[in-house]
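Please treat every number below as a calculation from the coordinates, not as lab data. Just so we're clear, the structure is a prediction, and the values are computed from it rather than from any experiment. Please note: Cβ atoms are built from the backbone with ideal geometry, for glycine as well, and neighbour counts cover all protein chains shown.
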Amino acid sequence: MFGHDVVKDRTLIRRLVGYMPEHDCLPPDASAAEFVMHLGQLSGLPRTAARERAAEVLRHVGLFEERYRPMGTYSTGMQQRVKLAQALVHDPRLLVLDEPTNGLDPAGRDEMLALVRRTGREFGISVLVSSHLLGELERTCTSIVAIERGALQHQIAVDALTSEIPQLAVEVDGDVDAVINTLTQADWRVTRDRTGFVLMLPAGDREVAARAADAVRDACVAAGAGLLRLERGRTRLDALFASDAEVNGAATELGAAVVRTPERVA
């Protein structure tokens, strides 16, 4: 790893890797400042440098003003930020995050994912995220590695999995059936999905896609329905895993290890 033997050079490798665990691991009576500083010292930083660096990373994760409070008084979101800070304190080359949004509400997940993206960009660190929340990974990562029962299933760039497909995805507020009936009577091929419906289009035909968009608009007007979403369809990560399940004849238990890198693939 990084050119070092993983058995002989374990101490050196640990200085190059930051790890954010999924499980609860924070001592409730300690403050974030002293805890992150202590982890910095364990990673090889001198005491003074560890204290300065702890203040820097706690500011980065948005806990500078709260850094002297006992961590037992922190919310789940704040505790997740402390775990990210301790993984960053020694300035690693690789950051490994295990379910970084675990236990967070939707707003907290968005904030944590934005922080993860900003960390990779501002610190220039390669970030590897392990998660089962595929939608979050689509928005955060650049490459996907999918593992099932210890076996590698896929290794591919996210862009290659989420490219445009010959569909027009539609979501309306109102009588969906009336809108679909109008489109079907006009010979458009329509398929229902979880959030609305999709129009199947000829591959690469932009002119037909434009006519389809006009037809959807007119059908919504005729049905008195509001148009919430109208966009070209894109493949999704869950579709990839669903196809695997169909091949195996049952739903599969999948883990995704995802790499997000600022400049290079880790």
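For the options Glu34, Glu122, Glu138, a Gaussian network treatment of the chain with springs between C-alpha atoms closer than 10 Å singles out Glu122 as fluctuating the most.
Shown here: the stretch 10-131, whose C-alpha atoms stretch 38, 31, 24 Å along the first, second and third principal axes, sorted largest to smallest. Summing charges over neighbours of Arg67, with a neighbour being any other residue whose Cβ is under 12 Å away from its Cβ, gives 0 when K and R count +1 and D and E count -1.
Remind me, relative contact order of the chain in percent, using alpha carbon pairs under 8 angstrom and six or more residues apart? Relative contact order comes out at 20 percent. Residues considered: Pro27, Pro100, Pro202. Largest GNM mean-square fluctuation over the chain, using C-alpha springs under 10 Å, is found at Pro202. Fewest-first ordering of His154, His90, His23 by other beta carbons within 10 Å of each residue's beta carbon gives His23, His154, His90. Sequence-distant contacts, meaning Cα pairs under 8 Å at least 6 residues apart, place the relative contact order of the stretch 10-131 at 34 percent. Expressed to the nearest 5 percent, the antiparallel share of DSSP beta bridges inside the stretch 10-131 is 10 percent. Taking Cα centre as origin and charging only the Cβ of basic (Lys, Arg, +1) and acidic (Asp, Glu, -1) residues, the dipole magnitude of the stretch 10-131 rounds to 520 debye.
If you plug the beta carbon distance of Leu115 and Glu65 into 1/(1 + (r/R0)^6) with R0 = 25 Å, you get a FRET efficiency near 0.95. Placing a pseudo-label 7 Å from each Cα along the Cα-to-Cβ vector at Phe2 and Ile156 gives an inter-label distance of 3.2 nm. Under the simplified labelling scheme, the Glu52-Ala30 pair shows an inter-label distance of 2.2 nm, with each label point 7 Å from Cα along Cα→Cβ. Length gained on full extension, His23 to Glu171, computed as 0.36 nm times the residue gap minus the Cα-Cα distance: 49.5 nm. Amide H contacts for Val127 (H built 1.01 Å from N in the peptide plane; partners 5 or more residues away or on another chain; cut-off under 5 Å): Leu95, Arg260, Thr261. For the chain, the ratio of Cα radius of gyration to the globular rule of thumb 2.2 N^0.38 Å stands at 1.28.
Each of Ile156, Ile125, Ile147 was scored by other Cβ atoms within 10 Å of its Cβ. Arranged with the fewest first, they read Ile156, Ile147, Ile125. The stretch between Arg93 and Val221, if pulled fully straight at 0.36 nm per residue, gains 40.6 nm over its current Cα-Cα span. Coordinate range of the alpha-carbon atoms in the stretch 164-234 per principal axis, descending: 31, 23, 16 Å. Does the stretch 1-58 come out rounded, prolate or oblate, given a ≥ b ≥ c as the square roots of the eigenvalues of its C-alpha gyration tensor, rounded meaning a/c under 1.5 and, failing that, prolate meaning a/b above b/c? Oblate, since a/c reaches 1.5 and b/c is not below a/b. Cβ crowding within 10 Å, taken as a proxy for footprinting-reagent exposure, orders Lys83, Lys8 from fewest neighbours to most as Lys8, Lys83.
For the chain, a Gaussian network of Cα nodes joined below 10 Å ranks Arg81, Arg149, Arg59 by mean-square fluctuation, and the top entry is Arg149.
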